[in-house]
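Taking it in order: structure first as structure tokens, then the write-up.
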């Protein structure tokens, strides 16, 4: 699976994903100030799932209908790096096959998966 990890997700999660044989690109290594629209366009062009904590991605793909290859939104506003990593590990262990191409929102211990056209 190909991933594009947004800056707010953190280095610990980026590193863990890379150790799991994912093809990981980190926005922080490309351009930490990259606009959300540009992140989404890059991810769609390279067929990468965006892993983010930024709610604006939902607006871009649900309301604006922007092309995407899937978004995993982590609603973990006050979480530290280790908690984020634990949650991401759990999500990929249980739902890996359902993430690509969908809008997935993790909040309060639950993952919702929205299949979008």
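Just so you know, all these numbers are worked out from the coordinates, no wet-lab data involved. All values derive from a computational prediction rather than experimental measurement. Heads up, the Cβs are rebuilt from the backbone with ideal geometry, glycines too, and the neighbour counts pull from every protein chain shown.
With a cut-off of 8 Å between alpha carbons and a minimum separation of six or more residues, what is the relative contact order of region 2-115 in percent? Provide the component values of the computation, followed by the final result.
Working: 173 pairs, mean separation 28.5, N = 114.
Relative contact order, region 2-115: 25 percent.
What is the antiparallel percent of DSSP beta bridges lying wholly in region 2-115, to the nearest 5?
30 percent
Taking Cα centroids, how far is region 73-117 from region 4-61 in Å?
13 Å
Given 20 °C and 1.002 mPa s, compute D for region 2-115 with the Stokes-Einstein relation, Rh being the Kirkwood radius over Cα pairs; round to the nearest whole µm²/s.
After rounding, the answer is 156 µm²/s.
Highest first, please rank the peptides 109-115, 62-68 by the mean number of other Cβ atoms sitting within 10 Å of their residues.
Details: 109-115: 11.1, 62-68: 13.0.
Sorting 109-115, 62-68 by mean packing, highest first, produces 62-68, 109-115.
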